[in-house]
Each structure stands twice: as structure tokens, then as C-alpha cells.
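Notes for the one structure printed next.
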Amino acid sequence: MRSFPALLLLLAVSTITRGQSSSANQQPSAKPSVTEALATAHEQLEHGKTQEALYEIKEGQHLRKFTAFLPFKPEKTSMVTAVEANLGAPVPYLDRLTQATQAIVVTTPDWDSVDGTLLRFEKHDGQWLSVGDKFPVVVGKSGLGWDALVPPTDTNSPVKKEGDGRSPAGIFAITELGGFNSSRPNARILYFPITENTECVDDVKSRSYNKVTNRIATSDWDSSEKMRTIDVYRLMAIVDYNDRKLPGAGSCIFLHIWSGPGRGTAGCTAMQEKDLQDIADWLDAKQHPVVVQFPAPVYQRLRKLWQLP
């Protein structure tokens, strides 16, 4: 993992019992970066070592604290802000950006806007260069919400959660294409046909939460999208949001065909079919494509700091 030497972890993770805190401070032999501390914290939470954890990070003379919870409780979660702490991109985003040579940048006027724009980029000799024309898109009917798995850059921003009608803001891999056609011969990224049995599971209690899969007799979910019955999925791409399958953080996020300008989605990013066809032909798995999606003011603030397209 990468380190940011100006930022030092002061205290190790302290678990919290409900209503009472007991700290077990440890002095690490090496001083990890804030991003490394966050990654370790999420792993501990994810693997059930603790359900609540307090983190204290010192930058200069300033002590910042945040608490993370499992199951996910966005209304109770307070996290250190990456911009305030002068961090580069958080580890998951940094890894995706480092690998990617294709990027789709989606911006909206603010957190609650439905309409936005999309512009493609390719990286050549370490520089991001725009590809093609900018075109209109729509996001969730409630706007955008910050990625629930990464500390937000603005503590006042909404955080994405299941069923909130917001599209996730952040940087996410595009992993597959799907559609009603049985195949897409010219695709340079994995394509799967959407059949009568193809579903995306949004049941937070299911072992298949946030997965596109085929229903079988032993399927354990009560809630899902029957994808073949949803016409806008006749061509779509999977946005790998919530890759840890954290219950309640949001599921089934795609690029797909829109119903028209001003008509927001349940949480996906949608566009005209001709524009999505162009994207589908352009995507190349070997270039590790990503979606970079933020409100325009946030994107402009982070662009240089995080070295965004």
C-alpha cells in the first residue's frame, strides 16, 4: 500500500461496547498512513472482529476521530474527511486509478441533481486525454450519494444506502457488459446474456446480495430485479459498486439506457441508447475501465489532489 508520510496514525483501533468505550491503544512498530489505517479498519469490521470501532488520527496538532459501524448505519457514521486531511485518493480508488487507462467521468451540478454529463478519457503516456463528445446522462432520482465504503470528502454529503434512490459517488470499476442479445461478438470486455432467470439481488439478508446471478430452486433471496423484464437493461454495464457486498450499502448499480432527460433511476447512471452503444464498443477489459462520478464542485476540488481524469 502507498503511504502519505505527512499523516501519521496516533492511536490504534479501539473497540467500543454499546454505551461504554474501552480503549486498548497499541503503538505500531511502523507508522502506517491514514489510508492504510482505514483499509485495516474496514477489514476488521468486515470480518466480524468488531461491530463498532473508533479511530483516532493525528495530523500535526489536530486530532480527528471517526466511528464506523456494522451493519452499515449511515446516520451514525462520522468519518475523517480526505480533503481536510490533505490525503490523496483513498486506497481503493488509488488502486483503480493506477490500473485504469480508460475512464468515464460523470458529473452533476450538485448532490441532489438528476441530470448530468458524461465524458470519456484514455490515459496515454501518463496523461488523461478526452475521447469523443460530452453527452447527457441521468443519475438516481434522488441524486448522488457518497460511496458507503470509503470515507467521504465532505461530512455534509449524503452517503449511499440501499433503496435511497441515489447513484454512488466515487471511483468504480466497470467489469462486464450485459444485454438481451445472446452475444456481442465485438465486445472487448466480458459480455453475458440476460435471460428470464437473470436477477440482481437486492435482499440484504441474502448470501447473493449485490450479485447478478441466475435464480435456482435453492435461491435464498426474497427481493431482486428480474432483469429481462426491465427494458432499459437490453444493454447495460455492471458498475462494481459495493464490491465487499456490505449489507445495506447499496446494490445493483449499472450503466443502462435511460427513459429520458430528467427521469432519474433507482440508483444507476443512464443515457441514450446510441451513447451506451458507443461506450460498449469502446470499453476494453485490458484497460481496466472505471467510472469517476461526483457532483461537479467535488470533482473540481478533487481533480488535482487525486489526479483524476
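Would you be so kind as to identify which of Gln300, Thr265, Ala285 lies farthest towards the positive end of the dipole of region 254-309, taking Lys and Arg as +1 and Asp and Glu as -1 on Cβ and the Cα centre as origin?
After comparing all options, I get Gln300.
Can I get the semi-axes of region 185-295's equivalent ellipsoid? Compute them from the C-alpha gyration tensor as square roots of 5 times the eigenvalues, in angstrom, largest first. Could you put the intermediate results ahead of the total?
Working: eigenvalues 107, 52, 47 Å².
Output for region 185-295: semi-axes of 23, 16, 15 Å.
Can you tell me the order of 165-177, 130-142 when each peptide is scored by its average per-residue count of other Cβ atoms within 10 angstrom, highest first?
Values: 165-177: 23.7, 130-142: 17.6.
Highest mean packing first, the order is 165-177, 130-142.
Structure shown: which of Lys123/Lys304; Lys211/Lys274; Lys134/Lys211; Lys123/Lys161; Lys141/Lys161; Lys123/Lys274 lie over 21 Å apart, alpha-carbon to alpha-carbon? Working shown, then result.
Details: Lys123/Lys304 15 Å; Lys211/Lys274 27 Å; Lys134/Lys211 31 Å; Lys123/Lys161 32 Å; Lys141/Lys161 14 Å; Lys123/Lys274 24 Å.
Beyond 21 Å between Cα atoms: Lys211/Lys274; Lys134/Lys211; Lys123/Lys161; Lys123/Lys274.
Ala296 versus Ala187, label points 7 Å from Cα toward the beta carbon: distance in nm?
3.4
Hey, fewest Cβ within 10 Å first, where do Lys123, Lys274 land in order?
Numbers: Lys123 15, Lys274 9.
Arranged by neighbour count, lowest to highest, Lys123, Lys274 become Lys274, Lys123.
If you put +1 on each Lys and Arg Cβ and -1 on each Asp and Glu Cβ, how big is the dipole of region 214-309 around its Cα centre, in Debye rounded to 20? Numbers along the way, then the final one.
Values: 12 positive and 11 negative charges, 61 e Å.
With Lys and Arg at +1 and Asp and Glu at -1, about 300 debye.
Name the residue from Ile230, Tyr209, Pro168 whose Cα lies farthest towards the positive end of the charge dipole of region 160-309, charges +1 on Cβ of Lys and Arg and -1 on Cβ of Asp and Glu.
Pro168
With Cβ to Cβ distances under 13 Å as the rule, what net charge do the other residues near Ile194 carry (K, R +1; D, E -1)? Before the final figure, lay out the partial values.
Working: positive: Arg184, Arg215, Lys226, Arg228, Arg234; negative: Glu176, Glu196, Glu199, Glu225, Asp231.
Residues close to Ile194 contribute a combined charge of 0.
Where in region 180-209 does the amide nitrogen come within less than 19 Å of the point 7 Å from the Cα of Arg228, taken along Cα to Cβ?
Backbone N within reach: 180-184, 191-202.
Once each part is reduced to its C-alpha centroid, what is the distance from region 292-309 to region 228-258 in angstrom?
Cα centres, region 292-309 to region 228-258: 23 Å.
Please get the size of the charge dipole for region 101-303, origin at its Cα centre, with Cβ charges of +1 on Lys and Arg and -1 on Asp and Glu, quoted in debye to the nearest 20.
Working: 23 positive and 26 negative charges, 39 e Å.
That gives a dipole near 180 debye.
Provide the net charge surrounding His256, with neighbours chosen by a C-beta distance below 12 Å and charges set as Lys +1, Arg +1, Asp -1, Glu -1.
Numbers: positive: Arg234; negative: Glu225, Asp231, Glu273, Asp275.
Neighbourhood net charge equals -3.
Modelled label-to-label distance, Arg215 and Arg303, 7 Å Cα→beta-carbon offset: nm?
Taking the simple label geometry, Arg215 and Arg303 are separated by 4.6 nm.
Roughly what would the spin-label model give for Asp110 and Asp243, points 7 Å off Cα along C-beta, in nm?
Roughly 3.3 nm, to one decimal.
Every number here is computed from the coordinates shown, using simple stated rules; none is lab data. Because the structure is predicted, anything quoted here is derived from the model rather than measured. Please note: Cβ atoms are built from the backbone with ideal geometry, for glycine as well, and neighbour counts cover all protein chains shown.
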